[in-house]
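Structure first, commentary second.
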Amino acid sequence: ELLYLGVSGDGDSASIGLGQFAHAMRRGVDMTYIVENNGVYGLTKGQFSASADIGTKAKKGDVNQQPPIDPVLLAMNLGAGFVARSFSGDKAQLVPLIQAGLKYPGFAVIDIISP
């Protein structure tokens, strides 16, 4: 009867915590997992995360040369039953997606683009 809700950044979900993220989806854990996707590791003052686009320029001038890991494509490939993407600035779209994800009986992923 518990509601499982995970909120994490793209740095943790697509990099450091990729193994846990992938296996939770693969196992079909009954939870909603929200990814705050901004393309950077917030605590490292601008280091690229694994979801950053090729050519993205960091504050210190480094340019990302690695292709991005797309959390939505990853979720679809690993069998998440509910997969959505929205924008943090679009409350009218985002709120119903989160509500639907919370009601979904299985692993729900919502990737929120947050510049």
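Can you pull out the residues in region 1-60 that are β-branched (Val, Ile, Thr), surrounded by 18 or more Cβ atoms within 10 Å (Cβ to Cβ) and touching a Pro at 6+ places or on another chain (Cβ under 9 Å)? Give the steps one after another, and end with the answer.
Narrowing region 1-60 to residues β-branched (Val, Ile, Thr): 7, 16, 29, 32, 34-35, 40, 44, 54, 56.
Remaining after also requiring surrounded by 18 or more Cβ atoms within 10 Å (Cβ to Cβ): 32, 34-35, 40.
Matches in region 1-60: VAL35 only.
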Checklist outcome for this item: When (1) over 18 Å from TYR4 (Cα atoms); (2) open to solvent by 90 Å² or more (accessible area, probe 1.4 Å); (3) not basic (Lys, Arg) are applied to GLN99, the one that fails is (1)
Item to check | Matching entry among ALA108, ALA80 (being part of a loop (DSSP other than H, G, I, E, B), open to solvent by less than 90 Å² (accessible area, probe 1.4 Å) and in contact (Cβ under 8 Å) with a residue 24 or more places away in the chain) | outcome: ALA80
Item to check | So GLY39, is it at positive phi and in contact with a helix residue (DSSP H, G or I) (Cβ under 9 Å, 6 or more places away or on another chain) | outcome: yes
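Yes or no, residue by residue, for (1) among the basic types (Lys, Arg); (2) open to solvent by 60 Å² or more (accessible area, probe 1.4 Å); (3) within 12 Å of the chain's Cα centre (by Cα):
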position	(1), (2), (3)
VAL63	no, yes, no
PRO71	no, no, yes
SER86	no, no, yes
LYS91	yes, yes, no
Item to check | Checklist (1) without any contact (Cβ under 8 Å) to a residue 40 or more places away in the chain; (2) part of a strand (DSSP E or B) applied to GLN66, failing item | outcome: (2)
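Please find, within region 1-34, the residue that is nearest to PRO68 (Cα to Cα) out of those that are acidic (Asp, Glu) and in contact (Cβ under 8 Å) with a residue 12 or more places away in the chain. Steps first, please.
Kept after step one, since they are acidic (Asp, Glu), are these residues of region 1-34: 1, 10, 12, 30.
Checking which are in contact (Cβ under 8 Å) with a residue 12 or more places away in the chain leaves us with 10, 30.
On the way: ASP10: 11, ASP30: 27 Å.
Looking at the filtered set, the residue picked out is ASP10.
The values are calculated or read from the model by the stated rules, or taken from the named source; none is laboratory data. Owing to the predicted nature of the structure, the values given are computational and were not obtained by experimental measurement. Using ideal geometry, Cβ is built from the backbone for each residue, glycine included, and neighbour counts are taken over all protein chains shown. For the accessible areas, the whole protein counts, side chains as well, though only heavy atoms, and no ligand, DNA or RNA atoms are used. Shrake-Rupley method; radii C 1.70, N 1.55, O 1.52, S 1.80 Å.
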